[in-house]
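Below is one structure, written out as structure tokens; the observations come after it.
The values are calculated or read from the model by the stated rules, or taken from the named source; none is laboratory data. Quantities reported herein were computed from a predicted structural model and do not represent experimental measurements. Methodologically, a virtual Cβ is constructed for each residue, glycine included, from the backbone with ideal geometry; neighbour enumeration extends over all protein chains shown.
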Amino acid sequence: MNTLLTALPLSYFSEFPQKFYESFIEKNRYKYIVTGLENTLLITVFAVLVGIVLGTLVALIRVSHQNNPKKLRVLNAIASIYLTVIRGTPMVVQLLIMWYIVFQSINVDPIFAAILAFGINSGAYVAEVIRSGIQSVDKGQVEAGRSLGLSQRDTMVKIVFPQALKNVLPAIGNEFIALLKETSVAGYIAIQDLTKGGDTIRSNTYDPYTSLMTVALIYLLIVMGLTALLGKLERRLHKSDNR
């Protein structure tokens, strides 16, 4: 923080009220930030939902195949390729491929394309998180479910998966926070996200400090708030485990 402050011109602090007015009040430029924040949160929330659904399906396929190598061979092979490709390529490249190749000839909203791209990317990481959560559940729980007459599917859905989900909720929360920051590249496909909104103001006012520092502060406040909520969730989970 000290380094950041010393990088500012000395005259900036005396001119801050005028800079603030030019960046946000004049010509209602604050709307760039408001619209960008709305789009950022919209993309993040729906991408996380897509990621959780997709990641859960992939995790269940991988675990089922691991427990019985003769089952779901084709689906497991597809899931393995999906994980390798998505986790091995940059997010911004995946976003550009989604927009300029997958949806090249289809007229869709870029926000939809971004949700799909970020959701698919998130699903690869969520899948491994949920898979590790399922494997962390004691095998005795599975044996207990089978001894009660439950099928393998019912045992997974009613006994194993709820316990695994409880174990991985903090990790999924961290994925939400990471995804929020990753959406800052959405401007590559002409989406007015929070970062793009700040950069638009910068290009209009030629003031790189006020708008971009404000964007950084907004991201920081959101992440700090989510981190605090995540910490509270973890404490509650620890209390329930100790009962």
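Which of the numbered conditions does Gly51 fail, given that it passes all the others? Conditions: (1) surrounded by fewer than 21 Cβ atoms within 10 Å (Cβ to Cβ); (2) under 28 Å from Asp193 (Cα atoms); (3) of a type outside the set (A, V, I, L, M, F, W, C).
Status for Gly51: all satisfied but (1).
Can you tell me which residue is farthest from the chain's Cα centre (by Cα) among those in region 63-92 that are within 27 Å of Gln152 (Cβ to Cβ) and of a type in the set (Val, Ile, Thr)?
Val74
Just for helices (runs of 4 or more DSSP H) wholly inside region 20-137: which have at least 1 residues that are at pLDDT below 95 and over 30 Å from Thr214 (Cα atoms)?
30-67, 73-87, 110-136
Can you tell which of Lys31, Lys70 is of a type in the set (Lys, Arg), free of Cβ contacts under 8 Å to residues at least 12 places away in the same chain and closer than 30 Å to Arg202 by Cα?
Testing whether each residue is of a type in the set (Lys, Arg), free of Cβ contacts under 8 Å to residues at least 12 places away in the same chain and closer than 30 Å to Arg202 by Cα leaves just Lys31.
Which condition breaks for Ser151 when tested against (1) at pLDDT below 80; (2) surrounded by 13 or more Cβ atoms within 10 Å (Cβ to Cβ)?
(2)
Yes or no, residue by residue, for (1) crowded, with 21+ Cβ neighbours inside 10 Å; (2) in contact with a Lys or Arg (Cβ under 9 Å, 6 or more places away or on another chain); (3) touching a residue at least 60 places away in the same chain (Cβ under 8 Å):
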residue	(1), (2), (3)
Asn107	no, no, no
Ala114	yes, no, yes
Gly123	yes, no, yes
Arg131	yes, yes, yes
Gln135	no, no, yes
Gln141	no, no, no
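Let me spell it out: the conditions are (1) touching a helix residue (DSSP H, G or I) at 6+ places or on another chain (Cβ under 7 Å); (2) over 29 Å from Ser184 (Cα atoms); (3) not aromatic (Phe, Trp, Tyr), and Leu83 meets all of them except one. Which number is the exception?
Going through the list (1) touching a helix residue (DSSP H, G or I) at 6+ places or on another chain (Cβ under 7 Å); (2) over 29 Å from Ser184 (Cα atoms); (3) not aromatic (Phe, Trp, Tyr), Leu83 breaks only (2).
From the list Glu234, Glu175, exactly one residue is touching a residue at least 24 places away in the same chain (Cβ under 8 Å), of a type in the set (Asp, Glu), surrounded by fewer than 18 Cβ atoms within 10 Å (Cβ to Cβ) and closer than 24 Å to Ile52 by Cα. Which is it? Write out each step before concluding.
On the way: Glu175 fails: surrounded by fewer than 18 Cβ atoms within 10 Å (Cβ to Cβ).
Testing whether each residue is touching a residue at least 24 places away in the same chain (Cβ under 8 Å), of a type in the set (Asp, Glu), surrounded by fewer than 18 Cβ atoms within 10 Å (Cβ to Cβ) and closer than 24 Å to Ile52 by Cα leaves just Glu234.
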